[in-house]
Amino acid sequence: MGKTLKKTTHKMNTAIICKNCDGQVSGNFCSGCGQRADTHKLNMHFILHDLQHGLFHFDKGVLYTAKQLLTRPGHTIREFLEGKRVRHFQPLSFVIVLATFYGLFWHYLIFDRLHASLIEPRDGITRASVKIITWMTEHFAFDGLILIITSTLASYVIFKKRKYNLAEHLVLNTYLMGLFLIVSLLVFPIVYIWGIAATLQYGIVQQGFLLILMCWCYSQFFNNTSKAKTIGLTFIAFLVISVLNLAIGYFAGWIVTQF
């Protein structure tokens, strides 16, 4: 009895010191910097567990965020802005992960066939168009970034009366881009199986997907406005985005023809 009491007392008197900020830790996490108390030597098991937990853990990670966006996108994004963030993958990291997978699939499964078809003489495809399409397929991350920026500017101006600031619109459209990438990945096998004919038409289909997803997401996000009005404003925002992207495309075309 005495030995047990002595061991217990010794354990209680032994303070855990945070290895990150040197603060005293009570519980599983440091109250000063948030680091876990039970840090240990890194090994491959830790690396694999961290990868599995961070990306694919159902209650917190890419899969959880993807599931929420696929079922209730606007409500999920609004709740994230209101403070429910601990279970979600951060928006920019979320898009980077999805864009990486999409870019790899596109490059290794589609790009070679697409490039081969474009270098052949074909009516209606100019030298600038070939260069733009080739550049876009090789730099998919930049395409996504441009779409996020133009969507953010459009939604901020069109929905300015809804009192969300520019950063909040950036989060909204970053997660929307993530949802767009999820849908694109889901239909990717169809594009691959149908071959190059479907690939050349895929850009038009993607624009249709984007408009539908914007209407669905915005009508949930701006829930203090009638759905009819929100959808109408969304169509205007989509037109603004299309004009901005078209202008950027023409400017890029002028640049690439100079070299």
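Miscellaneous remarks
Table: residues versus (1) modelled with pLDDT under 90; (2) in a strand (DSSP E or B); (3) surrounded by 14 or more Cβ atoms within 10 Å (Cβ to Cβ).
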residue	(1), (2), (3)
34	yes, no, no
41	yes, no, no
46	yes, no, no
67	no, no, no
75	no, no, yes
98	yes, no, yes
102	yes, no, yes
113	yes, no, no
120	yes, no, no
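- Filter result for residue 244 (in contact with a helix residue (DSSP H, G or I) (Cβ under 6 Å, 6 or more places away or on another chain), modelled with pLDDT under 95, in the same structural domain as residue 97 (by TED's automatic domain parsing) and over 21 Å from residue 105 (Cβ atoms)): yes
The values are calculated or read from the model by the stated rules, or taken from the named source; none is laboratory data. These figures come from a predicted structure and were not determined experimentally. Neighbour counts are summed over all protein chains in view; Cβ atoms, including those assigned to glycine, are modelled from backbone coordinates with ideal geometry.
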